[in-house]
Amino acid sequence: MALKEQQRGGFTSRMGFILAAAGSAIGLGNIWRFPYTAGENGGAAFILVYLIFVVFLCLPALFAELAIGRATGKSPVGAFKALAPESLWKFVGGLGVFTGFAILAFYSVVAGWVLGYLGKALAGHFSAGMDIATSSEQFTALITSKGLSIGLTGGFLLLTALVVRGGIQGGIERASKILMPIFFVLLVGLAIRSVTLEGASAGLYFLFAVDLSKLTIPVVAGALGQAFFSLSLGMGAMITYGSYVGKEARLPGAAVAVAFFDTLIAMLAGLIIFPALFAKGGGAQVTGGEGLVFTVLPTIFHELPAGFLFAVAFYVLLGIAALTSTISLLEVVVSYFVDEQGWTRERSTWVVSFACFLLSIPSATNVSFLALQNTIFGKYALSIGALLISLFVGWKWGVRPALAEIEGGRPMPFGRLWAFLIRYVCPLAIVVVIVAVILGIST
Ligand code: PFF
């Protein structure tokens, strides 16, 4: 490893990078945001468009971000400055830093709810035979306890800050090498239980029976935002992680693996939530929004062997999945102040986390504010960020140097297709969706 890399820190292996990138991607976006967004957007048609976006927009965008990061070895603002000096492109990095900060401010509120639910699971609050209505009351009680909600949010931010400050990401990632497979097994267990409940078929129908007439512009915009959110794209998190990857690591396979597992886990979450929701007579609540997952899950834990342990393990692991995502969000902002403003990591971590805590209070005390932040930053800011990043790689930096960076001397099979997607398909698709939203076209 070169001296510069040693000082800055970096992944010591390709596996370390895959774990970190997968850790960033897999989180509340898959388990919490995907099901409720799919629910609000009519189910199957939304999911179909989401999958198309993952393959044709997100995968190319993921390659693009990783290439920018690895080519420059810098976090977003510095990376754009290095590749396009004396230009306005650095503001794309700036937008990413701000977006990361704003996403962290509502994401940690939801992560706080996970802590709250871990507490409920430990206290044995999920009684056997609990129905959707009772469960829903429990959720409302939690989010309307303002002090508790703020405290849990602060607690989760503190946890994130301690990891980012101490640079113990490596340890967390190594731990998640064991923990995430366990989480995966729990998810599969829950999904099997859910789809075998009596009356589950209505949920499967909701998930898989595509009704193209439901495909409106808002649905497509929702799928676009969800796809970028889930893969941590559009704000430079993957630029930052790309900057820590050694030159010898093969990027394409790693990127495909990350996208594949991220999507698989989102689909599993769908297979858990909707069959159970319909089976438990809560079908009318598919559009239940932010509380959907928190409401549905407690009704099925007791239908499983060792329900108590299952529930506790589930919330612990979901909390860890959320933590590896909040780490990446905070890392983008912290590394900006370290790399560009010359702050120490310590100072940067505490100042940013505290500011983020302040910004999280409106979301922690008012779920409509959380929804608004989620829409502005989680949906639109990421989509616009991804648009600008694809324009940058496709038209400013250039597909040749970017491709050379991705390939690292080993030509990849779909290089030309990638170049076409990043130059034309990504920018056009995003522009069309955003313009349609702005014009208020709804069908
Ligand atoms: N991808 C994360 C999730 O699905 O939970 C959320 C996220 C992390 C979004 C990092 C954006 C980001 F830069």
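The values are calculated or read from the model by the stated rules, or taken from the named source; none is laboratory data. Treat the numbers as computed from the prediction; the structure is a model and nothing was measured. Neighbour counts run over all protein chains shown; Cβ positions are idealised from the backbone, glycine included. Note: accessible area is taken over every heavy atom of the protein model, side chains too, but ligands, DNA and RNA are not part of it. Shrake-Rupley method; radii C 1.70, N 1.55, O 1.52, S 1.80 Å.
Considering only the stretch 64-113, how many residues are within 17 Å of the chain's Cα centre (by Cα) and either open to solvent by less than 20 Å² (accessible area, probe 1.4 Å) or away from the ligand (no atom under 16 Å from the Cβ) (or both)?
First, pick out the residues of the stretch 64-113 that are within 17 Å of the chain's Cα centre (by Cα): 65-66, 96-113.
Cutting the leftovers down to either open to solvent by less than 20 Å² (accessible area, probe 1.4 Å) or away from the ligand (no atom under 16 Å from the Cβ) (or both) gives us 65-66, 96-97, 99-100, 102-113.
Qualifying residue count, the stretch 64-113: 18.
Any idea which residue in the stretch 326-354 is least open to solvent (accessible area, probe 1.4 Å), counting only those that are closer than 20 Å to residue 156 by Cβ and free of Cβ contacts under 8 Å to residues at least 60 places away in the same chain?
Selected residue: 348.
Restricting to the stretch 413-443, name every residue that is of a type outside the set (A, V, I, L, M) and either over 18 Å from residue 392 (Cα atoms) or touching a residue at least 12 places away in the same chain (Cβ under 8 Å) (or both).
Within the stretch 413-443, the subset of a type outside the set (A, V, I, L, M) is 413-416, 418, 420, 423-424, 426-427, 440, 442-443.
Scanning the stretch 413-443 gives 413, 414, 415, 418, 423, 424, 426, 427, 440, 442, 443.
Criterion first (away from the ligand (no atom under 16 Å from the Cβ), part of a loop (DSSP other than H, G, I, E, B), out of contact with any Pro (no Cβ under 9 Å at 6 or more places or on another chain) and modelled with pLDDT of 85 or more) does residue 10 satisfy it? Talk me through it step by step, then tell me what you get.
On the way: away from the ligand (no atom under 16 Å from the Cβ): yes; part of a loop (DSSP other than H, G, I, E, B): yes; out of contact with any Pro (no Cβ under 9 Å at 6 or more places or on another chain): yes; modelled with pLDDT of 85 or more: no.
It is false that residue 10 is away from the ligand (no atom under 16 Å from the Cβ), part of a loop (DSSP other than H, G, I, E, B), out of contact with any Pro (no Cβ under 9 Å at 6 or more places or on another chain) and modelled with pLDDT of 85 or more.
For the stretch 347-364, state whether one or more residues are within 25 Å of residue 216 (Cβ to Cβ) and modelled with pLDDT of 95 or more. Lay out the reasoning, then the answer.
Taking the stretch 347-364 first, the residues within 25 Å of residue 216 (Cβ to Cβ) are none.
No: the stretch 347-364 contains no residue that is within 25 Å of residue 216 (Cβ to Cβ) and modelled with pLDDT of 95 or more.
Does the stretch 46-62 contain at least one residue that is over 22 Å from residue 418 (Cα atoms) and not charged (D, E, K, R)?
The first filter runs over the stretch 46-62 and keeps only residues over 22 Å from residue 418 (Cα atoms), leaving 46-47.
Narrowing further to those that are not charged (D, E, K, R): 46-47.
So far as the stretch 46-62 goes, yes, one or more of its residues are over 22 Å from residue 418 (Cα atoms) and not charged (D, E, K, R).
For the stretch 233-247, give me the residue count where each residue is among the small types (Gly, Ala, Ser) and not in a helix (DSSP H, G or I). Write out each step before concluding.
Initial filter on the stretch 233-247 (among the small types (Gly, Ala, Ser)): 234, 236-237, 242-243, 246.
Going one step further and asking which of them are not in a helix (DSSP H, G or I), we end up with 234, 236, 246.
Qualifying residue count for the region: 3.
Does the stretch 249-260 contain at least one residue that is without any contact (Cβ under 8 Å) to a residue 12 or more places away in the chain, open to solvent by 30 Å² or more (accessible area, probe 1.4 Å) and over 23 Å from residue 282 (Cβ atoms)? Spell out the reasoning first.
Going residue by residue through the stretch 249-260, those that are without any contact (Cβ under 8 Å) to a residue 12 or more places away in the chain are 253, 260.
Subset that is open to solvent by 30 Å² or more (accessible area, probe 1.4 Å): 253, 260.
Still in the list and also over 23 Å from residue 282 (Cβ atoms): 253, 260.
Checking the stretch 249-260: at least one residue is without any contact (Cβ under 8 Å) to a residue 12 or more places away in the chain, open to solvent by 30 Å² or more (accessible area, probe 1.4 Å) and over 23 Å from residue 282 (Cβ atoms).
Which ones in the stretch 266-290 are closer than 22 Å to residue 25 by Cα and open to solvent by 10 Å² or more (accessible area, probe 1.4 Å)?
Once the filter is applied, which keeps residues that are closer than 22 Å to residue 25 by Cα and open to solvent by 10 Å² or more (accessible area, probe 1.4 Å), the stretch 266-290 yields 267, 268, 271, 290.
Taking the residues in the stretch 413-443 that are among the β-branched types (Val, Ile, Thr) and assigned to a loop (DSSP other than H, G, I, E, B) as candidates, determine which candidate is surrounded by the fewest Cβ atoms within 10 Å (Cβ to Cβ).
So the residue we want is 443.
Please go through (1) in contact with a Pro (Cβ under 9 Å, 6 or more places away or on another chain); (2) within 16 Å of the ligand (Cβ to nearest atom) for residue 172 and return the number of the only condition it doesn't satisfy.
(1)
Going through the stretch 17-41 one residue at a time, which ones are among the aliphatic types (A, V, I, L, M), closer than 25 Å to residue 288 by Cβ and more than 10 Å from the ligand (Cβ to nearest atom)?
38
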